[in-house]
Amino acid sequence: MVHDTAGEKPAKKSLNFVEEIVENDLKAGKNGGRLQTRFPPEPNGYLHIGHAKAICMDFGIAQRYGGVCNLRFDDTNPVKEDVEYVDAIQEDIRWLGYEWGHVYYASDYFPQLWDFAVRLIREGKAYVDEQDAETIARQKGTPTQPGEESPYRNRPVEESLALFEKMNSGEVAEGAMVLRAKIDMASPNMHFRDPIIYRIIHHPHHRTGTQWHAYPMYDFAHGQSDYFEGVTHSICTLEFEVHRPLYNYFIDLLKKDESYYPRQIEFNRLNLTYTVMSKRKLLALVKEGLVSGWDDPRMPTLCGYRRRGYSPEAIHRFIDSIGYTKFDALNDVSLLEAAVRDDLNARATRVSAVLHPVKLVLTNYPEGQLEEVEAVDNPEDPASGVHTLTFGRELWIEREDFMEDAPKNYFRMTPGKEVRLKGAYIVRCTGCVKDEDGNVVEVHAEYDPESRSGLPGANRKVKGTLHWLAVGHCNRCEVRLYDRLFTVEDPSADERDFRELLNPESLVVLPECYVEKYTEGMAPLTYLQFQRIGYFNVDPDSTAEKMVFNRTVGLRDTWAKQKAKQ
């Protein structure tokens, strides 16, 4: 599926298997020819890149076929849920370029779910069980051995009804009772072995307060909410495939006629190398201060990627490239980074920045003389503008762009060799000045006044071109170099504690860098390319006194090179 953010006609692509199912259902006139999907996150954390794949499917397929996608918060566990997450989820969906038809909550359906549960009890299809969770789990048996019936399975209907009311009164301790559906303890599908459909929780709900103490389980609330809401295609990830028969079982009990029946379809999850998607682990990273928050640019959360400088278009480009299948896979994070590079190459403003500065003095350049050098904002965009930066006698260059004793294939600055200063002059290095510890503190060179870019003498070829900034005509800034959060390719599969796998070099802060004055006042999250270094963006921590920049991704995949050397 191609996401169209600019209004152009999407590129024609072959259909994925979900799109084929939807097209066939629409052609067959199922559900009256309607298409309605939903994105149903639990508001117990921030959305991550895995959720983005589901968002693109749920919203994108509705968009493509003229349907509607609603946003429904699965708020059935008040202990973990918060309005903070509700707001963040909505912000992330809009950032990806989508708008929902309506906002619903599973809690909207609590009265209907309660009535349905009471009906099941009256019909002998549900009962209150007073055993503890461990006993119930043990009695369920194994995939090769049938389960054992609860001693409460055949208790009188009126007794279960009274106890169910008591579960919701607030006077029964959590875990003392549950409501179970009475299905088949010998079923080969473990989910049919009298699943728990209600449990007791005394924590106040963020919307309903203390109105409820008995809360529906996911398998009971999800499908019924789809049905109450009119969802035609309930699209979810592969781990819910084994839940589908139970989904259909409850729908069969609810449905009033054959004119409407929601259909559950499963696709593969998005898993990334060097990344964890577990909400439990991500929450631990935040709570234990191992990252600065949910929007830490090292986190796989959408707000983290946004702060790091990823564009929503890059996220779409990546998800389109990996596609939707019925087979789980571990996707290489370099594919995501490549999509980011491709997108930012077309949209990022080019500026010069020096991260590890050393002073370059052009000894034959007139003292006090200044010139303006023109720079194109983005050479990939013919409509982009130009800006100027000041050139003078003393410049900042990158420390790694000078080597006193250089090998033969070193094409940067070294004594006796020429390089071009980007957009300005060709200079020949004449030497350097060191401190008492032997560290280079100043590099000297002479410029050729006839070699300025645009003049006839500029045609002389040199192999190296360096970026630079004029001392006193640029701004000091802080640069944060972000890298992969984990050192192993698949941290979720590693038996060690995930904290032991954290990359100690995932954040390097450079407090004394320089950047063009042109960046003054740029809005947070502005996309930039630091010439010859990589893609960066303006961090919200920036102030009028000091700007802060985050490295989004390097110009090249350096991890691939490191891995090849191992």
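The values are calculated or read from the model by the stated rules, or taken from the named source; none is laboratory data. Source: prediction; values computed, not measured. No Cβ is skipped: glycine too gets one built from the backbone with ideal geometry, and neighbour counts run over all protein chains shown. Side chains included, ligands, DNA and RNA excluded: accessible areas come from the protein's heavy atoms. Shrake-Rupley method; radii C 1.70, N 1.55, O 1.52, S 1.80 Å.
Descriptive notes on the structure:
- Packing-based ranking of 386-398, 514-526 yields 386-398, 514-526, ordered from highest to lowest mean Cβ neighbour count within 10 Å.
- Ranking Tyr274, Pro456, Thr487 by how far each Cα lies toward the positive end of the dipole of the chain (charges on Cβ) leaves Pro456 at the top.
- Between amide H atoms placed 1.01 Å from N, distances below 5 Å from Arg263 occur with His233, Ser234, all of them 5 or more places distant or on a separate chain.
- Taken about its Cα centre, the range 303-377 carries a charge dipole of about 380 debye when Lys and Arg each add +1 at the Cβ and Asp and Glu each add -1 at the Cβ.
- Each DSSP beta bridge with both residues in the chain is either parallel or antiparallel, and the antiparallel ones are about 65%.
- Under 20 Å from Lys461, Cα to Cα: aspartates and glutamates that are on another chain or at least 8 residues apart: Asp401, Glu418, Glu446, Asp448, Glu450
- Taking Cα Rg over 2.2 N^0.38 Å as calculated from this structure, the corresponding entry among (i) 1.03; (ii) 0.88; (iii) 1.25 is (iii).
- For the range 34-171, the solvent-accessible area with a 1.4 angstrom probe is 42 square angstrom per residue.
- Accessible carbon and sulfur surface of the chain relative to its total accessible area, %, 1.4 Å: 49 percent
- Amide H partners (placed H, <5 Å) of Ala126, local residues excluded: Ile121, Lys182
- By the Cα gyration tensor, the range 284-388 has an equivalent ellipsoid whose semi-axes, rounded to whole angstrom, run 39, 21, 12 from largest to smallest.
- Positive-end residue of Phe250, Thr237, Met177, charge dipole of the range 160-261 with Cβ unit charges: Met177
- Between Asp82 and any residue 5 or more places off or on another chain, the built amide H atoms are never under 5 Å apart.
- Theoretical ellipticity at 222 nm over the chain - DSSP helices of four or more residues, -39500 (n - 2.57) apiece, nearest 500: -7500 deg cm²/dmol
- Among 221-231, 502-512, 87-97, sorting by the average number of other beta carbon atoms lying within 10 angstrom of each residue, highest first, gives 221-231, 87-97, 502-512.
- Cut-off 10 Å between beta-carbons: net charge of the residues surrounding Val471, Lys and Arg +1, Asp and Glu -1: +1
- ³J(HN,Hα) computed for each position of the range 28-40 - Karplus, 6.51 cos²θ - 1.76 cosθ + 1.60, integer Hz, glycine/proline x: 7, x, 4, 6, x, x, 7, 10, 9, 10, 8, 10, x
- Principal-axis tilt of helix 244-254 within the chain, Cα atoms, nearest 10 degrees: 50 degrees
- Sequentially through the range 545-556, phi angles give Karplus couplings (6.51, -1.76, 1.60; θ = phi - 60°) of 7, 8, 8, 10, 10, 9, 6, 7, 6, x, 5, 9 Hz, Gly and Pro residues having no value and appearing as x.
- Integer Hz, Karplus 6.51/-1.76/1.60 couplings in order for the range 183-190, x for Gly and Pro: 10, 7, 6, 10, 4, x, 8, 4
- 0 to 90° range, to nearest 10: angle between helix 49-64 axis and the chain longest Cα axis: 80 degrees
- Unit charges on C-beta of K, R, D, E only; dipole of the range 247-366, Debye: 460 debye
- Remark: the range 360-491 carries a charge dipole of roughly 500 debye about the Cα centre, counting +1 on each Lys and Arg Cβ and -1 on each Asp and Glu Cβ.
- Remark: the range 245-325 carries 36 Å² of accessible area per residue (probe radius 1.4 Å; ligands, DNA and RNA excluded).
- Surface per residue (accessible, 1.4 Å probe) for the range 354-432, Å²: 49 Å²
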